[in-house]
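A short reminder: the numbers here are calculations on the coordinates, not readings from a lab. Bear in mind that the values here come from a model prediction, so they are computed numbers and not experimental data. Backbone-built Cβ (ideal geometry, glycine too); neighbour counts: all protein chains shown.
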């Protein structure tokens, strides 16, 4: 089963679209697998950084990014998004995975070049509680720039940076 998350509750069909930040990429329908769906338990435009601890993480990166945590996944967002996350309702659209192909295994992204109709729609609230139930640590910070810089200047590879264009400029 694959999913698409939206703030819109009544999408009848997903039509392939070009990705805004990848004009050279063909029009597709994007989906995510169950293992990685937590990365979409946020308002669409919420900037966030996701760090995953894996068996291959170096001691240096474990110390740098996970020193004070027992969690294997840490999601960091800007404090100004707290109330929006708390009040956000998301809709999880279920897709049959037949017409999808794996695009990025690290992020759990799949793509389809065909119009896709959802099999089922779930209304999802209490998004932070859902993260906590999965054992994910949620951190709030006034600004994401220093964490992003630390990640990008390291050799750490198990991360995701989402909607950073919406981060508060320093």
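Points worth noting:
- Rule-of-thumb Rg ratio for segment 81-130 [Cα; 2.2 N^0.38 Å; N residues]: 1.44
- Highest-MSF residue in the chain out of 130, 17, 48 [GNM, Cα springs under 10 Å]: 17
- Extension gain for residue 141 to residue 83 (0.36 nm times residue separation, less C-alpha to C-alpha distance): 19.5 nm.
- Span from the segment 26-102 Cα centroid across to the segment 144-170 one, whole angstrom: 13 Å
- Placing R0 at 41 angstrom, the Cβ-Cβ distance between residue 10 and residue 69 gives a FRET efficiency of 0.60 after rounding to 0.05.
- Volume per residue of the C-alpha convex hull in the chain, rounded to whole Å³: 128 Å³
- Considering only beta bridges that DSSP places wholly inside the chain, some 85 percent are antiparallel.
- Considering only alpha-carbon pairs that sit under 8 angstrom and 6 or more positions apart, the relative contact order computed for the chain is 34 percent.
- Relative to the 2.2 N^0.38 Å rule of thumb, segment 14-57 has a C-alpha radius of gyration ratio of 1.49.
- With R₀ fixed at 22 Å, the C-beta to C-beta distance from residue 23 to residue 113 puts the FRET efficiency at about 0.85.
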